[in-house]
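No lab work stands behind these numbers, since they all come straight from the coordinates. Note that the coordinates shown come from a computational prediction; the quantities given were computed from them, not determined experimentally. Glycine also receives a Cβ, built like all others from the backbone with ideal geometry; neighbour counts cover every protein chain displayed.
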Amino acid sequence: MPELLAFPTLELNSHIRILCTARIASIEKLAPAIGWLKSQGYKVSLGKTIGKKHHQYGGTDQERLEDFQEALEDPNVNAIWIARGGYGSIKIVDSIDLSVLNGNNKLLLGYSDVTNLHGLWQRNGLQSVHCFMPQEYYEKPEEVLRGWNRVVSGGKQSLTLENNQDLPAQSIIAPIVGGNLSVLLSMLGSSTFPDVEDHILFIEDLDEYLYHIDRLMTTLKRAGKLDNLKALLVGGMTDMRDHEIPFGQTVKEIISAHTGSCDYPVIFDFPAGHGIDNFSFVLGKSTAIDIRENNITISQ
């Protein structure tokens, strides 16, 4: 992976473009987030894909690609925030032309399906923000909103978890990459799967059967993607499902079984993912993990 470029912080009057790369998003559902962003001193504009509909998508593949590329090329747009997730970014990611940035970065914001785009950013030496989507703004607590503002403006983000796993004391500093586990697996073998060696890998997921999680972790392990991590950071594994005949393991047990022979820490319950507490952090950025007897502090 190339050397990462400086993080493009947002300031007063910075311009945020909201658009679709996946599912449909309406102006009405985005209105609360737009109002909040303006109250924070940001300029906001909407892409042409907002309000468009092509089956499940916010426009055809070509319309979504052109809308994204237009925002990428517009020198007055400082950040691109994807309106919502679902499915669709993978259909356009290989046609996105980052050469128009001329060696600079443009802030990309989102999570879940946006993992496809985060991978593209990290593979090109660019940092991006893993954070909630504008359409989810109304459900986010004030602490999560304040954290978003801190991160996009370049401030320090520090989150402390209880060390309830009896992890040995240690300190780790490495770049963090990753995102939604299912989406990551769909990227395996492609040019946008992030470089995970000597990195902290973050994963989270939503609405999967337990055996699917086992399949995904087995695939990562067979591909050698769990071998040389600095740490595995597990976020929300939300609304997991099981069959009438139980799989027999919890998510934690599944992940632990696949990483039990590894010599890096596996940290669960990081507050990011499809839950209400989806705290923001920067992908591609050097991240410090400080594990003590009682607490684990993760900071950027």
Item to check | Selected residue (criterion: surrounded by the fewest Cβ atoms within 10 Å (Cβ to Cβ)) from residues of segment 132-151 that are in contact with a Lys or Arg (Cβ under 9 Å, 6 or more places away or on another chain) and charged (D, E, K, R) | outcome: R150
Checklist entry - Which number in (1) in a loop (DSSP other than H, G, I, E, B); (2) over 22 Å from the mean Cα position of the chain (by Cα) marks the one condition that E253 misses? => result (1)
Checklist outcome for this item: How many residues of segment 58-91 are part of a loop (DSSP other than H, G, I, E, B) and touching a residue at least 60 places away in the same chain (Cβ under 8 Å)? The answer is 9
Checklist entry - How many of the residues making up segment 78-91 are surrounded by fewer than 22 Cβ atoms within 10 Å (Cβ to Cβ) and β-branched (V, I, T)? => result 1
Next on the checklist: Between a residue in segment 148-169 that is assigned to a loop (DSSP other than H, G, I, E, B) and any residue that is among the β-branched types (V, I, T) and surrounded by fewer than 16 Cβ atoms within 10 Å (Cβ to Cβ), which pairs come within a Cβ distance under 8 Å, given they are 6 or more apart or on different chains?
Outcome noted: S153/T9; G154/T9
Checklist entry - Just checking, how many residues over segment 28-57 are part of a loop (DSSP other than H, G, I, E, B), touching a helix residue (DSSP H, G or I) at 6+ places or on another chain (Cβ under 8 Å) and under 16 Å from N13 (Cα atoms)? => result 1
Checklist outcome for this item: Picked from segment 95-128 (must be in a helix (DSSP H, G or I) and free of Cβ contacts under 8 Å to residues at least 60 places away in the same chain), the residue surrounded by the most Cβ atoms within 10 Å (Cβ to Cβ) is L98
Checklist outcome for this item: Within segment 49-77, the count of residues that are buried (at least 19 other Cβ atoms within 10 Å of the Cβ) and touching a Lys or Arg at 6+ places or on another chain (Cβ under 7 Å) comes to 7
